[in-house]
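Colleague: Attaching a single structure in structure tokens format; questions to follow.
Bear in mind these aren't lab numbers, they're just calculated from the coordinates by the rules spelled out. Small disclaimer: the values here were computed from a predicted structure and weren't measured. FYI the Cβ positions are ideal-geometry reconstructions off the backbone, even for glycines, and counts take in every protein chain you see.
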Amino acid sequence: MQPVSLLFVCLGNICRSPTAHGVCLQRLQERGLSEAIKVDSAGTGDWHVGAGPDSRATEAAAGKGYDLTPLRARSVTVQDFYDFDYILAMDRQNLADLQAMAPADARAQLALLLDFGSSDESEVPDPYYGGDDGFGHVLSLVEDAVDGLLARVCER
Ligand code: 4NP
């Protein structure tokens, strides 16, 4: 069976989407699903390409047992729309930017990550210019939504 593939997307690919990427990798490993479900993350912007996640994101994640340190930022490419089954945007601006670059024959389904969560919030707020609290909030929202997403994907 072909693996299902998931791409998490934010603006810089150093805070929110690597958090989702790291949480998802760990969930998949815990459940023995690492071969069945492939995960990556990317940014709509290119300022941080090649950089590791923001240290505030890495620290918040490490506090709950997730290792973001191997991840490196990259930009979304048109090829991603053919390579992934689901592209999950962190906020509405990310989603609009993805919709604007999507080829007409894209294979990927685009959605907001929090559509799969149980929170009242519909977007993962950008924590980059805020305080450290923002990173803990991002992590909680992302954990909840990744669990919902994996439950949905595993129903397929
Ligand atoms: P992210 O956060 O989109 O969650 O990775 C940001 C990272 C960098 C910038 C903005 C948001 N920036 O403007 O450089």
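Colleague: Cα extents of the chain along the three principal axes, largest first, in whole Å?
Modeller: So the extents along the principal axes, rounded to whole Å, are 40, 33, 32.
Colleague: A further question on this structure: Indicate the gyration tensor shape class of region 71-156 (rounded, prolate or oblate), computed on the Cα atoms with a ≥ b ≥ c the square roots of the eigenvalues: a/c under 1.5 is rounded; otherwise a/b larger than b/c is prolate and the rest oblate.
Modeller: Numbers: a/c = 2.03, a/b = 1.34, b/c = 1.52.
Cα axes put region 71-156 in the oblate bin.
Colleague: Taking a ≥ b ≥ c as the square roots of the eigenvalues of the Cα gyration tensor of region 4-63, is the shape rounded (a/c under 1.5), prolate (a/b larger than b/c) or oblate? Working shown, then result.
Modeller: Details: a/c = 2.99, a/b = 1.43, b/c = 2.09.
It comes out oblate by the Cα gyration axes.
Colleague: Given labels modelled 7 Å from the Cα in the Cβ direction, how far is it in nm from Arg72 to Gln99?
Modeller: Once both label points are built, they end up 3.4 nm from each other.
Colleague: Based on the mean of other beta carbon atoms within 10 Å per residue, what is the order of 11-20, 145-154, most packed first? Walk me through the numbers before you get to the answer.
Modeller: On the way: 11-20: 28.4, 145-154: 18.2.
Ranking, from highest mean packing down: 11-20, 145-154.
Colleague: Modelling each spin label as a point 7 Å along the Cα-to-Cβ direction, I'd like the Ser140/Lys64 distance in nm, to one decimal.
Modeller: My value for the distance between the label points is 0.9 nm.
Colleague: Only helical DSSP H runs with n ≥ 4 go in: add -39500 (n - 2.57) per run for the chain, normalise by residue count and round the 222 nm mean residue ellipticity to 500 deg cm²/dmol.
Modeller: -12000 deg cm²/dmol, from helical runs alone.
Colleague: Then there's this: For region 84-156, calculate the relative contact order in percent as a whole number, restricting contacts to Cα pairs under 8 Å that are 6 or more residues apart.
Modeller: Once divided by the residue count of region 84-156, the mean separation gives 31 percent.
Colleague: Expressed in nm to one decimal, what extension gain is obtained for the pair Glu121 and Val49 from 0.36 nm per residue of sequence separation less their Cα-Cα distance?
Modeller: Answer, rounded to one decimal: 23.1 nm.
Colleague: Further question on the same structure: When the chain is fully extended, how far beyond the present Cα-Cα distance does Ala36 get from Gln79, taking 0.36 nm per residue of separation?
Modeller: Difference between extended and current length: 13.4 nm.
Colleague: Thr44: net charge of surrounding residues, Cβ under 15 Å, Lys/Arg +1, Asp/Glu -1, itself excluded?
Modeller: -4
Colleague: Can you list, bin by bin at 10 Å, the percent of alpha carbon pairs in region 20-94, starting at 0?
Modeller: 17, 46, 34, 3
Colleague: Then there is this: What net charge do the residues around Asp132 carry, taking every other residue with its C-beta under 13 Å from that of Asp132, with Lys and Arg at +1 and Asp and Glu at -1?
Modeller: With Lys, Arg at +1 and Asp, Glu at -1, the net is -2.
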